[in-house]
Amino acid sequence: MEINFKGKRALVTGASKGIGRDLVIQLVKCGAEVVAVARSRELLENLKKEVPSIEIVPLDISDWKKTKEALNKQGPIDLLVNNAGLAILGPLTEVSEENVDELFSINVKSIINISQWMAKQLISRKAPGSIVNVSSQASMAGLENHSVYCATKGAVDAFTRAACTELGPHGIRINAVNPTVIMTAMGKIGWSDPKVAAPMMAKIPLKRFGEVHEVVDAILYLLSDKASMINGVCLPIDGGFTAT
């Protein structure tokens with residue numbers, strides 16, 4: 001199945017590493033013009049050396065006003081992937097107000113802000129569009145020491161479902177993907193200890209963690225016209241973790 005984004009402009013947050021970085025590369029291979037957004041200018045510049053055609057926007061998306069100002073300079077966008085995310089883990093009894101504010105600011109507030117911007121510019125252009133939010137299996141299952149993180153990802157799913165009812169009549173689709181542990185560079189570090197990995201892997205019927213391309217492929221599909229009737233879906237990419 002060939003996916004072609006020729007003539008489309010895509011914006012990806014959290015684009016400097018992990019899933020976001022690979023997604024930028026694949027979007028370009030599929031013909032899209034890509035705007036890559038992340039905090040680290042250095043990492044974005046390294047990505048641009050590899051993929052010279054992209055535009056890069058160093059930006060702290062937790063800042064509501066600065067984000068809107070930066071996006072207003074980017075011109076029309078047809079495809080949006082809200083990929084940026086933050087994980088601060090620990091026992092509920094040790095969670096601080098700062099932890100809660102930081103997690104919700106990146107994982108929820110930024111998605112609402114950027115999706116609002118996206119929707120307004122698409123509606124003003126009377127143009128269709130597609131949005132994919134990167135959520136987590138943590139929205140669908142309680143995970144130890146993930147209480148606030150789970151709450152933020154549950155909010156992402158709820159926002160996705162509600163937003164689809166408002167944006168659908170304008171030809172704008174919005175969906176979410178909900179990955180399990182994914183073997184990004186950070187994932188390999190965090191889950192390399194068999195003692196840590198074994199309990200989680202035991203709950204996954206496929207008995208393995210996910211690879212980056214497995215998430216990227218799902219996002220590309222949901223962005224594309226191949227998924228033209230898929231709207232408001234939260235798609236587990238978890239090897240069956242949430243099915244058990």
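Based on other C-beta atoms within 10 Å, arrange SER130, SER105 from fewest to most.
Values: SER130 28, SER105 18.
Neighbour counts put them in this order, fewest first: SER105, SER130.
Can you tell me how segment 127-187 classifies by the Cα gyration tensor, rounded, prolate or oblate, using a/c under 1.5 as the rounded cut?
Numbers: a/c = 3.98, a/b = 1.84, b/c = 2.16.
Note, shape of segment 127-187 comes out oblate.
Give the Rg (one decimal place) followed by the Dmax (whole number) of segment 165-220, computed from C-alpha coordinates and expressed in Å.
Cα radius of gyration and Dmax of segment 165-220 are 15.6, 49 Å respectively.
Is segment 73-206 rounded, prolate or oblate when judged by the Cα gyration tensor, a ≥ b ≥ c being the square roots of its eigenvalues, rounded requiring a/c under 1.5 and prolate requiring a/b larger than b/c? Kindly include the intermediate steps, with their values, before the conclusion.
Details: a/c = 2.35, a/b = 1.89, b/c = 1.25.
Prolate.
Counting other C-beta atoms within 10 Å, which of ARG125, ARG39 has the fewest, and how do the rest follow? Working shown, then result.
Numbers: ARG125 12, ARG39 16.
Ranking ARG125, ARG39 by Cβ neighbours within 10 Å, fewest first, gives ARG125, ARG39.
For a quick protection proxy, order the peptides 88-101, 196-209, 174-187 by their average other-Cβ count within 10 Å, most packed first. Mind showing how you got there, number by number?
Details: 88-101: 11.8, 196-209: 13.6, 174-187: 21.6.
Sorting 88-101, 196-209, 174-187 by mean packing, highest first, produces 174-187, 196-209, 88-101.
Starting from the Cα of ASP63, step 7 Å along the direction of its Cβ; do the same at ASP217; then give the gap between the two resulting points in nm.
With each label placed 7 Å out from Cα toward Cβ, I get 4.0 nm.
So what are the chain's ellipsoid semi-axes, whole angstrom, largest first, if each one is the square root of 5 times an eigenvalue of the alpha-carbon gyration tensor? Numbers along the way, then the final one.
Numbers: eigenvalues 149, 77, 73 Å².
Semi-axes (√(5λ), whole Å): 27, 20, 19.
Return the long-range amide H neighbours of ASP238 (sequence gap of 5 or more, or a different chain), with a cut-off of under 5 Å between placed amide H atoms.
Long-range HN contacts for ASP238: THR180.
Compute, for the chain, the length of the dipole vector about the Cα centre, with Cβ point charges of +1 (Lys, Arg) and -1 (Asp, Glu) only. Units Debye, rounded to 20. Display every interim value, and only then the final one.
Details: 27 positive and 25 negative charges, 134 e Å.
The dipole of the chain has a size of about 640 debye.
How high is the FRET efficiency from ASN4 to ALA202, r the C-beta distance, R0 51 Å, rounded to 0.05? Walk me through the numbers before you get to the answer.
Details: r = 40 Å, r/R0 = 0.79.
E(calc), rounded to 0.05, equals 0.80.
Given the Cα-Cα distance of LEU92 and LYS29 and 0.36 nm per residue of separation, how much length would full extension add, in nm?
Numbers: separation 63, 0.36 × 63 = 22.68 nm, distance 4.29 nm.
So the extension gain works out to 18.4 nm.
Using DSSP H assignments, which helices in the chain have an axial alpha-carbon span of 15 Å or above and a mean Kyte-Doolittle hydropathy of -0.5 or higher?
Values: long enough: 18-29 (17 Å, 0.73); 110-125 (23 Å, 0.21); 147-167 (30 Å, 0.43); 212-223 (17 Å, 1.57).
Membrane-span-like by this criterion, though nothing is claimed about a membrane: 18-29, 110-125, 147-167, 212-223.
Bear in mind these aren't lab numbers, they're just calculated from the coordinates by the rules spelled out. Please read all numbers here as calculations on a predicted model, not as lab measurements. For neighbour counting, all protein chains shown are included, and Cβ atoms are generated from backbone atoms with ideal geometry for every residue, glycine included.
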